[in-house]
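Here is the structure we will look at.
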Amino acid sequence: LSGRGTIRAVSRLPERVDGPTTSVRRPLLADAAELLDLRRRNRAFVGPWDPLRPESFFTLEGQRAALRAIDAAWRDDRAYGFVVVDPADERIIGQASLSNVVRGAWQNATLGYWIDESSGGRGHASAAVRLLVGFAFGPAALHRLMPAVIPRNERSARVLRKNGFRLEGRALRYLQINGVWEDHDLYAMTAEEAAGLSGA
Ligand SMILES: CC(C)(COP(=O)(O)OP(=O)(O)OC[C@H]1O[C@@H](n2cnc3c(N)ncnc32)[C@H](O)[C@@H]1OP(=O)(O)O)[C@@H](O)C(=O)NCCC(=O)NCCS
């Protein structure tokens, strides 16, 4: 809380945002077992695009610890981690997050996401990103979002471009992914551009 001017606004943030085919919600500790199953099933699929995870991450206690970290970050206005759910049956089909929230003159966050392999290709990632863009520039009052994508991850780049993100440039050795310092393409959108997309 120490001097963060935004804490009042943050306490009013919606914890769920619904779209017609895809919803995002703040996770609960009770989601740990479902997330563990999803993470285990998608380990080989997501692994090439994810930081290396300790073996403990793929245990119930590891997922509970990750959920506690997400909860603490929500409370401190540091990151907003969501589960992506199919509103037809409330099944968790992935995760999407605004992370590295910095206030002050920057009002910036990064954006990350993954979708269950067997639920892929149906627009869920694109819809979840659209919902997080609305959350970021609406209630969370951010000014800039900066997702980063490994250039060969064309599927993920497509999700960003479809949502109106603009390529800003290539950052060399930007993130350690699957054990390797990978170059990333930095995409961005500011609140002005988001307002243009929504026709405001
Ligand atoms: C990347 C990922 C999030 C996409 O999820 P998804 O729900 O399948 O995405 P969507 O259905 O919303 O959109 C995918 C788009 O990419 C296109 N696409 C699929 N495979 C592609 C490929 N190999 N090359 C280029 N585009 C591809 C799809 O046709 C679709 O575009 P369209 O709507 O114009 O047809 C998902 O595959 C995933 O979690 N991958 C592993 C983790 C990851 O890469 N996370 C992102 C790290 S930056």
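The values are calculated or read from the model by the stated rules, or taken from the named source; none is laboratory data. Please read all numbers here as calculations on a predicted model, not as lab measurements. Here the Cβ is made from the backbone with ideal geometry for all residues, glycine too, and neighbour counts use every protein chain on show.
Could you go through the stretch 83-100 and let me know if any residue there is more than 16 Å from the ligand (Cβ to nearest atom) and of a type outside the set (A, V, I, L, M).
Scanning the stretch 83-100, I find at least one residue that is more than 16 Å from the ligand (Cβ to nearest atom) and of a type outside the set (A, V, I, L, M), so the answer is yes.
In the stretch 122-134, the count of residues that are within 20 Å of GLN176 (Cα to Cα), at pLDDT 95 or above and over 11 Å from the mean Cα position of the chain (by Cα) is zero.
Scanning the stretch 41-71 for residues being part of a helix (DSSP H, G or I), within 16 Å of the ligand (Cβ to nearest atom) and of a type in the set (D, E, K, R) gives a total of 2. In the set ARG103, ARG144, only one residue is within 20 Å of GLU168 (Cα to Cα), at pLDDT 95 or above and among the basic types (Lys, Arg); that residue is ARG144. Going by the conditions given, is VAL24 touching a residue at least 40 places away in the same chain (Cβ under 8 Å), in a strand (DSSP E or B) and of a type in the set (Val, Ile, Thr)? Criteria met by VAL24.
Return the residue satisfying two criteria in turn: it lies in the stretch 139-166 and is out of contact with any helix residue (DSSP H, G or I) (no Cβ under 8 Å at 6 or more places or on another chain) and of a type in the set (Lys, Arg), and of such residues it is farthest from TYR80 (Cα to Cα). That would be ARG152. All of (1) in contact (Cβ under 8 Å) with a residue 24 or more places away in the chain; (2) more than 30 Å from ASP37 (Cα to Cα) hold for ALA171 with one exception: (1).
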